[in-house]
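None of the figures in this text is laboratory data; all of them are computed from the coordinates on show. Small disclaimer: the values here were computed from a predicted structure and weren't measured. Heads up, the Cβs are rebuilt from the backbone with ideal geometry, glycines too, and the neighbour counts pull from every protein chain shown.
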Amino acid sequence: MFFWSSFVDLLRVVLFALAHVCGGSLGGGIVMLSLIVRLALLPLTVRLAMRARDHQEAIRRLAPEMERLQKRHAKDPARLAQATGELYAANGIGLVPKGALLGTAIQMPIGAGVYQTIATSAHRAARFLWISDLSKPDILVASIAAGLTGAAVTMAPSSTSSRGAAILAAGVTFLVAWRLSAGVGLYWVASNVVGVVQSLLMRRAVSRVEQA
């Protein structure tokens, strides 16, 4: 508990220092904090994206064998699941990409710490751009965050997500962001902007490697 409080206090100090750099603008500090966190996590983000892509490619190569298993065990879902697991194990493929759980374990406390920092630091009547009060929800911020989340889902270099998955992600984001302070939503927006740019750059890099 002491470590967590110290971590949040450190993030709060960083946030207010960034706000000071931005001329006392808490909103500007939130945007800068989101950029710093994204850049700090960039090596991990790239590594996880590449591993996810390799994982999906390995599964794609097993498609013919999977089709045979589905036909053979069409009336026995339990046996199909067992056979699928055995096929994956025989080819050295896990149920999730290597490092995915570790990556999530690293990113979750950082995200939670940033959320708590902003939620407790967005003072009443603090303004930024069109936002009149960063401590209250803002429907436009929630809408932008939702749109960017949907875009990030579809643009991920390893993504095979359907349009429905992107819509679902956007909808959940909107409902959550609409209930949170605009300060938290602003962090979400800035972070997703960087995420979309990262996804576009990584997709371009992957495309060049495949064409080489």
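Given R₀ = 35 Å, what would the calculated FRET efficiency be for Ala81 paired with Arg203, taking r from the Cβ atoms and rounding to 0.05?
Numbers: r = 32 Å, r/R0 = 0.92.
Efficiency for this residue pair is about 0.60.
Need the full-extension length gain, Ile59 to Ala89, defined as separation in residues times 0.36 nm minus the C-alpha distance. One decimal, nm.
9.6 nm
Express in nm, to one decimal, how much length is gained between Gln70 and Leu44 on full extension, taking 0.36 nm for each residue of separation and deducting their alpha carbon distance.
Extra length available between Gln70 and Leu44 comes to 5.8 nm.
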